[in-house]
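Trainee: The structure is given below, and queries will be raised subsequently.
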Amino acid sequence: MDTSSPAVFVNAELLRTYVGRKVRAVVQVIGFDGGVVTGKSVDDQQLIIKGSPPSVPVMNYIEVIGIADSNQSIRAEIWTNFGSTFDTHSYNQLCLLANGEFKSLFL
């Protein structure tokens, strides 16, 4: 496992802190437009995911790992389909812990 460039766990609120860096986020797919996915983040904000998305049904949850392009978009390198059910509250809490009190355990 390559640990030289870890991806930071982020929700939409935290994304703006990591523009230009590798991040990982979970979004619920709201729509597709070419190579762009519009999704709802685990903290109920809209994110734009750019890249080559796999075929994922609308309303499914996906995890993306890539570079934060802006405070609302990620250029995804890795896409993982998490299916139609996902505990967004727990993942949001993980994002907060990974960027707060327990940051040293994640980076």
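The values are calculated or read from the model by the stated rules, or taken from the named source; none is laboratory data. The shown structure was predicted, so the numbers you read here are calculated from the model rather than taken from an experiment. Cβ coordinates were reconstructed from backbone atoms using ideal geometry, including for glycine residues, and neighbour counts include every protein chain displayed. For the accessible areas, the whole protein counts, side chains as well, though only heavy atoms, and no ligand, DNA or RNA atoms are used. Shrake-Rupley method; radii C 1.70, N 1.55, O 1.52, S 1.80 Å.
Trainee: Could you check, for segment 66-82, whether at least one of its residues is over 15 Å from Lys40 (Cα atoms), without any contact (Cβ under 8 Å) to a residue 12 or more places away in the chain and open to solvent by 70 Å² or more (accessible area, probe 1.4 Å)? Lay out the reasoning, then the answer.
Mentor: Taking segment 66-82 and keeping what is over 15 Å from Lys40 (Cα atoms), we get 66-70, 75-80.
Add one more test, that the residue is without any contact (Cβ under 8 Å) to a residue 12 or more places away in the chain, and what stays is none.
No, segment 66-82 contains no residue that is over 15 Å from Lys40 (Cα atoms), without any contact (Cβ under 8 Å) to a residue 12 or more places away in the chain and open to solvent by 70 Å² or more (accessible area, probe 1.4 Å).
Trainee: Looking at Gly35 and the list (1) in contact with a Pro (Cβ under 8 Å, 6 or more places away or on another chain); (2) at pLDDT 95 or above, which single condition is not satisfied?
Mentor: The number of the failed condition is (2).
Trainee: Moving to a separate point now. Please find, within segment 10-44, the residue that is least open to solvent (accessible area, probe 1.4 Å) out of those that are basic (Lys, Arg) and farther than 12 Å from Trp79 by Cα.
Mentor: The qualifying residue least open to solvent (accessible area, probe 1.4 Å) is Lys22.
Trainee: Moving on to the next point. Any residue at all in segment 89-105 that's touching a Lys or Arg at 6+ places or on another chain (Cβ under 8 Å) and either open to solvent by 60 Å² or more (accessible area, probe 1.4 Å) or charged (D, E, K, R) (or both)?
Mentor: As a first pass, look at segment 89-105 and keep what is touching a Lys or Arg at 6+ places or on another chain (Cβ under 8 Å): none.
No, segment 89-105 contains no residue that is touching a Lys or Arg at 6+ places or on another chain (Cβ under 8 Å) and either open to solvent by 60 Å² or more (accessible area, probe 1.4 Å) or charged (D, E, K, R) (or both).
Trainee: Would you please name the residue that is most open to solvent (accessible area, probe 1.4 Å), looking only at residues in segment 45-56 that are in contact (Cβ under 8 Å) with a residue 24 or more places away in the chain and under 20 Å from Thr85 (Cα atoms)?
Mentor: By that ranking, first place goes to Gln46.
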